[in-house]
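**Q** Would you mind keeping the following structure in view while I ask a few things?
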Amino acid sequence: MGGDLVQTAIEWSSNGHTLRGMLHQPDGLSNVPLVILFHEYGATKTENKFIYVELSRILEQKGIASIRFDFFGSGESDGELQQKSFASDMVCARDILSYAHTLSFVDQERIAIVGKGSSCLIASQLSAEMSADAKAEGSVELSAEGKTGVKALVLLSPTVKTWNEQYSLELQAAELELDVDRGELAVRAVSLIAGEKEDNKGLIERYQKLYQQQLSLCTIADVSQVVETVNSREQMMEHIVAFLENHLPRG
């Protein structure tokens, strides 16, 4: 269990724009794991029904730091929603990971990403890129910049469909280009959480093929782009926290 809970507003530069978010840090602890939370298209760093706020607070109590932030064109970050693209979101994702590498209290070998909806693909693509860097350097542990890659992913109700047709097309194109070999190398464990009535079975099968034995599928009733019931929300939180504690163990 961590000490007192500390929540700090943070800002950093990405492609000439300012991104804004919240850093949750267990007070008085060092060398802690870190989880970065990616919100889906059209949402913000709090996510639907404030599930990211709740998750960050639970993780703090477990001694795990987290960053939840607004992508460019979302929430409090610079830009307008109509300026967003999959490419701009990938730039943000790379820059937030670089920012995480500057945090002295974080154990750089224990970093995970939680993606929801459309941002599941962003999380997967980012981990694949870091794996490609590592492979080019002859190491599965380090990227070209000498930083460790993402060790675990949580993919919550993944989709390549949004209410923005252009963004959805960009997601679909990126999903087809996601490299299987790089994805297998990128992370040690992946948890994919989907609802019982999930309408993206093809995408789920794609992730299963991508990560193979590294992926575990968790099915929870009423979990979709909106977590409908209190019971489903509690099950989802318990599963995410247990998975992260298991795959980001204390040093």
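The values are calculated or read from the model by the stated rules, or taken from the named source; none is laboratory data. Keep in mind it's a predicted model, so treat the numbers as computed, not measured. Because the Cβ atoms are built from the backbone with ideal geometry, glycine has one as well, and the counts that use them run over all protein chains shown.
**Q** Out of everything in the stretch 229-251 that is of a type in the set (A, V, I, L, M) and assigned to a helix (DSSP H, G or I), what residue ends up being modelled with the lowest pLDDT?
**A** Filtering the stretch 229-251 for residues of a type in the set (A, V, I, L, M) gives 230, 236-237, 240-242, 244, 248.
In the following step, the residues that additionally are assigned to a helix (DSSP H, G or I) were identified as 230, 236-237, 240-242, 244.
Working: V230: 84, M236: 92, M237: 95, I240: 97, V241: 97, A242: 97, L244: 97.
Checking each candidate, the answer is V230.
**Q** Also, I was wondering about something else. So for the stretch 60-78 (the condition being touching a residue at least 24 places away in the same chain (Cβ under 8 Å), among the hydrophobic types (A, V, I, L, M, F, W, C), under 22 Å from L156 (Cβ atoms) and assigned to a helix (DSSP H, G or I)), does at least one residue qualify? Spell out how you get there, then give the answer.
**A** Filtering the stretch 60-78 for residues touching a residue at least 24 places away in the same chain (Cβ under 8 Å) gives 60-72, 74-78.
Narrowing further to those that are among the hydrophobic types (A, V, I, L, M, F, W, C): 64-65, 67, 69, 71-72.
Those still in the list that are under 22 Å from L156 (Cβ atoms) too: 64-65, 67, 69, 71-72.
Retained after the next criterion (residues that are assigned to a helix (DSSP H, G or I)): none.
No, because not a single residue in the stretch 60-78 is touching a residue at least 24 places away in the same chain (Cβ under 8 Å), among the hydrophobic types (A, V, I, L, M, F, W, C), under 22 Å from L156 (Cβ atoms) and assigned to a helix (DSSP H, G or I).
**Q** Within the stretch 22-45, does at least one residue satisfy the condition of being surrounded by 15 or more Cβ atoms within 10 Å (Cβ to Cβ), touching an Asp or Glu at 6+ places or on another chain (Cβ under 6 Å) and of a type in the set (G, A, S)?
**A** no
**Q** Got at least one residue in the stretch 209-228 being modelled with pLDDT of 90 or more and either within 25 Å of S30 (Cα to Cα) or charged (D, E, K, R) (or both)?
**A** no
**Q** Applying the selection to the stretch 96-142, what residues are more than 16 Å from F86 (Cα to Cα), charged (D, E, K, R) and either modelled with pLDDT of 85 or more or surrounded by 17 or more Cβ atoms within 10 Å (Cβ to Cβ) (or both)? Talk me through it step by step, then tell me what you get.
**A** Residues of the stretch 96-142 that are more than 16 Å from F86 (Cα to Cα), as a first pass: 97-114, 130-142.
After this cut, where a residue has to be charged (D, E, K, R) as well, the list is 107, 109-110, 133, 135, 137, 141.
Scanning the stretch 96-142 gives D107, E109, R110, D133.
**Q** Please pick out the residue among M22, M90, M1 that is assigned to a loop (DSSP other than H, G, I, E, B) and either over 29 Å from K161 (Cα atoms) or modelled with pLDDT of 95 or more (or both).
**A** M1
**Q** Kindly check whether there is at least one residue in the stretch 74-81 that is over 15 Å from the mean Cα position of the chain (by Cα) and closer than 20 Å to V223 by Cα. Explain how you work it out, then say what you get.
**A** Of the stretch 74-81, the ones over 15 Å from the mean Cα position of the chain (by Cα) are 74-81.
Narrowing further to those that are closer than 20 Å to V223 by Cα: none.
No, every residue in the stretch 74-81 fails to be over 15 Å from the mean Cα position of the chain (by Cα) and closer than 20 Å to V223 by Cα.
**Q** Follow-up. Taking the stretch 11-53, which residues are touching a helix residue (DSSP H, G or I) at 6+ places or on another chain (Cβ under 8 Å) and over 23 Å from E238 (Cα atoms)?
**A** Hits for the stretch 11-53 are W12, S13, S14, N15, L19, G21, Y41, G42.
**Q** Using the structure shown, decide if L178 is modelled with pLDDT under 95, surrounded by fewer than 23 Cβ atoms within 10 Å (Cβ to Cβ), within 27 Å of M236 (Cα to Cα) and of a type outside the set (D, E).
**A** Working: modelled with pLDDT under 95: yes; surrounded by fewer than 23 Cβ atoms within 10 Å (Cβ to Cβ): yes; within 27 Å of M236 (Cα to Cα): yes; of a type outside the set (D, E): yes.
Taking the combined requirement at face value, the residue satisfies it.
**Q** Does A9 satisfy the condition of being farther than 23 Å from A174 by Cβ, surrounded by 20 or more Cβ atoms within 10 Å (Cβ to Cβ) and modelled with pLDDT of 95 or more? Give the steps one after another, and end with the answer.
**A** Numbers: farther than 23 Å from A174 by Cβ: yes; surrounded by 20 or more Cβ atoms within 10 Å (Cβ to Cβ): no; modelled with pLDDT of 95 or more: yes.
In short, no.
**Q** Scan (1) among the aromatic types (F, W, Y); (2) in contact (Cβ under 8 Å) with a residue 60 or more places away in the chain; (3) not in a helix (DSSP H, G or I) for the single condition Y99 breaks and write down its number.
**A** Every listed condition holds for Y99 apart from (3).
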